[in-house]
Structure formats: structure tokens, C-alpha cells
1. Using a ≥ b ≥ c from the Cα gyration tensor of the stretch 26-84 (square roots of the eigenvalues), is it rounded, prolate or oblate, where a/c under 1.5 gives rounded and otherwise the larger of a/b and b/c decides, a/b for prolate?
2. Which of Ala109, Ala23, Ala88 ends up with the largest GNM mean-square fluctuation for the chain, with Cα atoms connected below 10 Å?
3. Taking only C-alpha pairs under 8 Å that are 6+ residues apart, what is the relative contact order of the stretch 74-130 in percent?
4. Between Gln49 and Arg116, what is 0.36 nm times their sequence separation minus the Cα-Cα distance? Round to one decimal in nm.
5. Give the average over all directions of the projected area of the C-alpha convex hull of the chain, one decimal, in nm².
6. Helix-only estimate, please: 222 nm mean residue ellipticity of the chain, summing -39500 (n - 2.57) across DSSP H runs of length 4 or more and dividing by its residues, to the nearest 500.
7. So which GluC sites (Glu not before Pro) in the stretch 40-147 pass both tests, a DSSP loop state and at most 15 other Cβ atoms within 10 Å of the Cβ?
8. Expressed as a whole number of Å, what is the distance separating the alpha-carbon centroids of the stretch 1-80 and the stretch 86-150?
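The values are calculated or read from the model by the stated rules, or taken from the named source; none is laboratory data. None of these values were measured; they are calculated from a predicted model. Glycine gets a Cβ as well: all are built from the backbone with ideal geometry, and neighbour counts include every protein chain shown. Accessible surface areas use protein heavy atoms only, side chains included; no ligands, DNA or RNA. Shrake-Rupley method; radii C 1.70, N 1.55, O 1.52, S 1.80 Å.
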Amino acid sequence: MTPRQRLLGQFIERVWNCGDSAAVPEYLAETYTIRHDPGDPWEGRTLDQAGFIERLETSRAPFPDQRFTIVHISEDDTSVIIAWTWAATHRLPIAGFEASNRTITMSGASVYSFDRKDRLTGHWQVSDRLSVFQQLQQNAAVQQDAAAAR
């Protein structure tokens with residue numbers, strides 16, 4: 001594993017999996033751009049570190065036990081590419097769906113870019129947000145059926 005690959009793995013673990021917002025300055029450049037991430041409210045935006053922390057905390061709130069698992073990692077001259085899976089328990093309302101306390105899963109791939117000091121400067125990502133929405137719908141239907149049966 002290369003130094004950048006290790007760094008990205010640590011970033012995913014500490015920041016996204018553990019929610020360690022205090023660690024963000026260790027990994028991010030002064031600005032971070034979400035170049036492509038359909039369905040992400042921050043898509044197309046360039047964030048400072050405080051903005052990235054807001055994104056992290058907002059994204060994690062409904063899924064506080066979220067866990068990204070890197071299933072593949074590779075690198076070129078300027079980027080590290082990961083394929084990943086994600087799983088989390090739906091604990092707070094999101095997108096009009098009440099908390100279900102059920103596990104939601106998805107998969108995706110992200111291309112992370114770095115500056116000359118090996119700090120993250122942004123990503124380009126695709127993820128299966130459709131299946132997340134379908135799982136949220138299914139869980140809401142189960143909850144409605146359970147409430148109707150009472």
C-alpha cells in the first residue's frame with residue numbers, strides 16, 4: 001500500500017467511520033471540492049474545513065454508526081480511487097423518512113485528489129443512492145404495516 005492509500009484509509013476510518021471531526025485538518029487542504037456526487041446536497045461546492053465538518057456531521061447524523069469498507073484501492077499520479085461498501089443504522093429522520101432503526105446499505109466508488117503536500121482536495125464519486133431510497137421506502141412501508149396491525 002502506498003503512503004497516499006494509507007492516508008486515505010486512515011481518513012475514511014477516522015473521519016467518516018468514527019466521525020472524528022477534529023481530525024479533518026490533518027487530512028484536508030484548505031479547500032475541498034465535491035466535483036461530482038449526484039444526490040449529495042454539496043455537489044459542485046468547494047468547502048473550507050469548517051464547511052467540510054458541517055457536511056460530515058450532517059451526513060452522519062441519521063446514520064451515526066455508519067461504516068465504509070474499502071473493497072478495492074488503486075492509484076495514479078494525482079488520485080487514489082476506492083470502491084467501497086457502506087452500512088449504517090437509520091437512527092434519525094432523513095429525506096422525509098422517519099428513523100427505522102434498520103440497517104441501510106449501498107456501494108460506490110470515489111476518486112480522491114490530493115495536493116503536493118498529500119492533503120485531500122476533493123472527490124468525484126458515484127454511489128447507489130437509488131437503493132438507499134428504495135430501502136428507506138421499504139422500511140417506511142414495514143413501519144406503516146406494523147402500525148396498522150396494532
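1. It comes out oblate by the Cα gyration axes.
2. Ranking Ala109, Ala23, Ala88 by mean-square fluctuation puts Ala23 first.
3. Numbers: 91 pairs, mean separation 17.5, N = 57.
Relative contact order of the stretch 74-130: 31 percent.
4. Extending this stretch completely gives an extra 22.3 nm.
5. 8.8 nm²
6. On the way: 4 runs with 46 residues, N = 150.
Helix contribution divided over all residues of the chain: -9500 deg cm²/dmol.
7. Passing both the DSSP loop test and the Cβ count: Glu43, Glu98.
8. 15 Å
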